[in-house]
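Novice: Just dropping this structure here.
Please treat every number below as a calculation from the coordinates, not as lab data. Fair warning: this is a prediction, and the values are worked out from it, not measured in the lab. All Cβ positions, glycine included, derive from the backbone under ideal geometry; neighbour counts span all protein chains shown.
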Amino acid sequence: MDNAAPTLVTAAQKIRSLPGRRPHVRVDCQIGLDLFRSTKEKFAMGIVVTVFMLLGLLLVSPWLPNRLRFLRDNSALTGALGAGLFAAGLWNALWHGLRHLGDFWGLAALVSGTLMVGVAVVALEERSQFGASRIGWLSRSYRAIRPLSLPISVGLLACFLLYATTLVRLNLGYSIIGQ
């Protein structure tokens, strides 16, 4: 797939050099090899983060369909998903978010990662084998976060919708926010 990057640039240059090219055809030749590779990496991690956002929302949702109740009823599965959500939230906020604070997606990563960590703490404390004060910092964090669990969940839902629609737009070839 790495061979596709020079093809994109070469094709864009050929289109620009065509005589009689229509002015409304816009070709963005600013896609370099580094930007192309980093976009692929961001796209892959965006999928992982979006899936964990959805799983986190399912873990704390009071309206869960019967077919998905196994996510909450099995405390070991809830613990594993909550730990994955916690790790993905930390990565999103501390690795990607703090490294790209100057752009829209860096701020989105910081906010969504923080919300993912908050939802993970609620899910781990309420529905997993880690709950009931087995881990001291988790129960202390839960007591601080619990009154804000509804706004945190609504915020995570908004972030999930932003990420999901962006992934769909990228797959369809449309432009996205912040690019």
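Novice: What are the ³J(HN,Hα) couplings of the range 140-154, residue after residue, when phi is run through the Karplus curve with 6.51, -1.76, 1.60 and θ = phi - 60°? Round to Hz, x for glycine and proline.
Specialist: 5, 5, 4, 4, 6, 8, 3, x, 9, 5, 5, x, 5, 5, 5
Novice: Starting from the exponent 0.38 and prefactor 2.2 Å, build the expected Rg for the range 40-172 from its residue count and divide its actual Cα Rg by it. Let's see the in-between values first.
Specialist: Values: Rg = 14.6 Å, N = 133, 2.2 N^0.38 = 14.1 Å.
For the range 40-172, the normalised Cα radius of gyration is 1.03.
Novice: A follow-up question, please. Going by how many other beta carbons lie within 10 Å of each one, how would you line up S75, S153, fewest first?
Specialist: Ranked by crowding around the Cβ, least crowded first: S75, S153.
Novice: Turning to a different aspect of this structure: Distances over 15 Å make up what percent of all Cα-Cα pairs in the range 62-107?
Specialist: Counting every Cα pair in the range 62-107, those more than 15 Å apart make up 59 percent.
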